[in-house]
Structures are given as C-alpha cells and as structure tokens.
Amino acid sequence: MKVTRIRTIPANVPLERPILAGGWEIKSAGILAVLVETDKGVVGEGLAFTLNGRRMRILVEGVE
C-alpha cells in the first residue's frame, strides 16, 4: 500500500468567549485536518491544534 495523496484543511474556529490563560487571551482554536489517501482506497484522518491560529503555517508545512 502506498500513500497517493495528502490533503490539509486548515480552519480557525473562534471561541464564543475568550479564555484567559497565563496572562493572555485564547480567542480561537486553529485546527488542521489531515487526510492521507492510499492506492488501495484507504483514507486516514488526523487533527492538529494550535491556539489563536498561531503556528498554523508551521503545522501545514510540517505535514506537507
């Protein structure tokens, strides 16, 4: 079985109310959905998270 395609779907989900943590506000959750497809038709799914959308670019680049 070989990986034939990797797709990333980034999203930034705002929180209804900010959360105060460590002296700063968390206003949203950055979510990266990762889909891995194979030549046998198997699709794997995974999620990665980041606070306030920070480091989303790093997550996407790391997966790709």
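The values are calculated or read from the model by the stated rules, or taken from the named source; none is laboratory data. None of the values given here were measured: they were computed from a predicted structure. Glycine gets a Cβ as well: all are built from the backbone with ideal geometry, and neighbour counts include every protein chain shown. Each accessible area value is taken on the protein alone, full model and side chains, heavy atoms only, with ligands, DNA and RNA left out. Shrake-Rupley method; radii C 1.70, N 1.55, O 1.52, S 1.80 Å.
Going 7 Å from the Cα of residue 21 along its beta-carbon direction, which residues of region 38-57 have the amide nitrogen within less than 18 Å of the resulting point? It comes to 47-57, nothing else.
With the full set of protein chains in place, find how many percent of the accessible area of the chain is carbon and sulfur; take the probe as 1.4 Å. Intermediate values should be presented prior to the final figure.
On the way: 2740 of 4920 Å².
C and S fraction of accessible area: 56 percent.
Per residue, how much accessible area does the chain show when a 1.4 Å probe rolls over the protein heavy atoms, in square angstrom? Could you put the intermediate results ahead of the total?
Details: 4920 Å² over 64 residues.
Heavy-atom accessible area per residue stands at 77 Å².
How much net charge surrounds residue 21 when only other residues with a Cβ under 14 Å from its Cβ are counted (Lys, Arg +1; Asp, Glu -1)? Once positives and negatives cancel, what remains is +2. With Cα atoms as the point set, the radius of gyration and Dmax of the chain evaluate to 14.8, 49 Å.
Quote the relative contact order of the chain in percent (integer), defining contacts as alpha-carbon pairs under 8 Å separated by 6+ residues. Present the calculation step by step, with values, prior to reporting the outcome.
On the way: 118 pairs, mean separation 22.6, N = 64.
Value for the chain: 35 percent.
Grab the other residues whose beta carbon is less than 11 angstrom from that of residue 2, score K and R as +1, D and E as -1, and report the net. List each step's numbers first, then the result.
Details: positive: 5, 40; negative: 37, 39.
Net charge in that neighbourhood comes out at 0.
Placing a pseudo-label 7 Å from each Cα along the Cα-to-Cβ vector at residue 49 and residue 36 gives an inter-label distance of 2.1 nm.
If each DSSP helix of 4+ residues adds -39,500 (n - 2.57) and the sum is divided by the residues in the chain, what number results at 222 nm, nearest 500 deg cm²/dmol? Write down the numbers at each step before the final one.
Working: 1 runs with 8 residues, N = 64.
It comes out at -3500 deg cm²/dmol, rounded to the nearest 500.
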